[in-house]
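Below is one structure, written out as structure tokens; comments come after it.
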Amino acid sequence: MIASKASEELRILVEKQKIPVISTLMGIGAISTNHPYYLGMIGSHGQREANLALRQADLLIVVGARLADRALGDTKITDNMKIIHIDIDPAEIGKNVDTNIPIVGDAKYVLSEINKRISEREEFWAAEIKAQKKILPDDGKLHPYDVLREISTQYDGEYIITTDVGQHQIWAAHHLYIKRPGTFITSGGLGTMGYGVPAAIGAKFGSPDDEVIAITGDGSFQMLMQELATIKREQVPVKIVLFNNTRLGMVYELQKRRCTGRFIATCLDGNPDFMILAKAYGIEGMRLESKEKLKEAISVMKSYKGPFLLEVVTDPDEPTIP
Amino acid sequence: MKVKMTVKMTVARAMVEVLKSEGVEIIFGIPGAAIYPFYDALYSSDIKHVLVRTEQAAVHEASGYARTTGKVGVCVATSGPGATNLITGIATAYMDSVPIVAITGQVNSSLIGKDVFQEVDITGATAPFTKHNYLVKDPKKIVRVLKEAFYIASTGRRGPVLVDVPIDVQMQEIEFEIPREIEIPGYKPREKGILYK
């Protein structure tokens, strides 16, 4: 969807036919995340409304997604659901899900052809599902979603986001406002920890006029943190938001749930002081520990001209999905 | 009357000329002994080189660049550990269909298979997660191969392509000529839709 630059064609299709839109992790941004028909990301780490819509759908139009295990989660594709599968790669058709109508081609071309042949519809199908959207608690504590929503508000979606892999990746997928296609850059398929910061450096070279923000965690960041030297050498003004819970958070959470709290090899005590680390590379930094300082911290980061590291001290027991 | 103009140059220089003809403005990498002729040719070009601190980051940076510009991201590494350090980055790009051309140096072609210093079979290692890859043993083929690499990486379902060039090949002199069109038998990506019944 994003590679084929088919967002406008998608918007026309769903607005004409009043079709709700759900996304895989890689598809985020194909349609603006605040579009009234956008329900969120599906899958094992997806949003409730999106998964609910997927389960209830009698017709699923898949554009460019491969619907691998993580995207489907617990959802079973039954015979009641008809599937139109559009993909440029014929090898994707029928690989993970059976298809009723397979279409091989470039998404932009195929969707524009479909748009020529459809009529207007009256009612939005998933209005009820949308109304059930979960409200996040405000308990005075600093949660990752507070930080991500504050970033969304202050920047109004005017940024390119890169993420690493882990809990912060899912927090970012759920809570950041992604306005334009191609501005949410993440390692969706392989799930490569360490991707976020180098990807941000590359993105900044590719799009120097855009603000580029890497969302990372302490585990992922340390996999390729030597790239701080590249940031320093080339003076790449990227912003890094580092959620530090001193954990390999995804696996820690898994052990909590599946191994009745037998935590092994998921506590990252031994982490450096990230503020001193940033300073060692001549990079400006700030540590955020309370909700009171949130607005100010994001505003300082936003107005700073050079590379900047914002460390967000995060509760290890903060769940991926609230 | 058409006049065919060719110029003599080294393979390394020809590689840089192809990058220029593909509109490459920036590449990410780390030099090493098996890729030094290419870097030497790069010295006298306008292409910006970003020196990373580990090769995996070079692929990710090329990926971030490709995903914001829609162009092919280019990364470079030397033979052996330089090449193997690229692997995670290449697999990452493959899974997310990101157009990348990865250029690696290789040991002297007469020594391939003899376990010499910093030798690794990188085309063998990356075969499952590159869209295509090449080991260039014939200096005359370098221009066509690199052009094909860009074409394959950026058309159809996009993805990473690796081009492995032995150091002696990089130093050979060739008649340089840029091919106008790329025609690869068996590779015809379908952009216009087809409905299977």
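The values are calculated or read from the model by the stated rules, or taken from the named source; none is laboratory data. These numbers were taken from a predicted model, which means no experiment stands behind them. Methodologically, a virtual Cβ is constructed for each residue, glycine included, from the backbone with ideal geometry; neighbour enumeration extends over all protein chains shown.
Points to keep in mind about this one:
- Condition check for A:GLN255: within 14 Å of chain B (Cβ to nearest Cβ), surrounded by fewer than 24 Cβ atoms within 10 Å (Cβ to Cβ) and in a helix (DSSP H, G or I): no
- Among the residues of region A:136-167, those identified as small (Gly, Ala, Ser) and under 27 Å from B:GLU61 (Cα atoms) are A:SER152, A:GLY157, A:GLY166.
- Single residue of B:VAL59, B:VAL98 found to be crowded, with 24+ Cβ neighbours inside 10 Å, part of a loop (DSSP other than H, G, I, E, B) and within 14 Å of chain A (Cβ to nearest Cβ): B:VAL98
- Neighbours by Cβ (under 8 Å, 6+ apart or cross-chain): first from region A:24-40, more than 14 Å from chain B (Cβ to nearest Cβ); second among the charged types (D, E, K, R) and assigned to a loop (DSSP other than H, G, I, E, B): A:SER32/A:LYS179; A:SER32/A:ARG180; A:THR33/A:LYS179; A:ASN34/A:LYS179; A:TYR37/A:LYS18
- Against the numbered list (1) modelled with pLDDT of 95 or more; (2) in a loop (DSSP other than H, G, I, E, B), B:TYR187 comes up short only at (1).
- Scanning region A:83-94 for residues that are surrounded by 15 or more Cβ atoms within 10 Å (Cβ to Cβ) and either among the β-branched types (Val, Ile, Thr) or more than 9 Å from chain B (Cβ to nearest Cβ) (or both) yields A:ILE83, A:ILE84, A:HIS85, A:ILE86, A:ILE88, A:ILE93.
- Residue in region A:125-134 that is without any contact (Cβ under 8 Å) to a residue 60 or more places away in the chain and within 14 Å of another protein chain (Cβ to nearest Cβ) present: no
- Exactly one residue among A:SER303, A:SER290 is small (Gly, Ala, Ser) and out of contact with any Lys or Arg (no Cβ under 9 Å at 6 or more places or on another chain), and that residue is A:SER303.
- Output for region B:129-166, where each listed residue is on the phi < 0 side of the Ramachandran plot, of a type outside the set (Lys, Arg) and over 14 Å from the mean Cα position of the chain (by Cα): B:PHE129, B:ASP138, B:PRO139, B:THR155
- Residue list for region A:97-115, filter: within 20 Å of A:ALA68 (Cβ to Cβ) and surrounded by 16 or more Cβ atoms within 10 Å (Cβ to Cβ): A:VAL97, A:THR99, A:PRO102, A:ILE103, A:VAL104, A:ALA107
- Total residues in region A:186-222, condition outside any helix (DSSP H, G or I), among the aliphatic types (A, V, I, L, M) and either more than 10 Å from every other protein chain (Cβ to nearest Cβ) or surrounded by 23 or more Cβ atoms within 10 Å (Cβ to Cβ) (or both): 4
- Some residue of region A:173-185 being in contact (Cβ under 8 Å) with a residue 12 or more places away in the chain, surrounded by 22 or more Cβ atoms within 10 Å (Cβ to Cβ), within 14 Å of another protein chain (Cβ to nearest Cβ) and not in a loop (DSSP other than H, G, I, E, B): yes
- If only residues of region A:10-66 that are of a type in the set (Lys, Arg) and under 19 Å from A:GLU122 (Cα atoms) are counted, the one that is surrounded by the fewest Cβ atoms within 10 Å (Cβ to Cβ) is A:LYS16.
- Residue tally, condition outside any loop (DSSP other than H, G, I, E, B) and touching a helix residue (DSSP H, G or I) at 6+ places or on another chain (Cβ under 7 Å), over region A:119-151: 10
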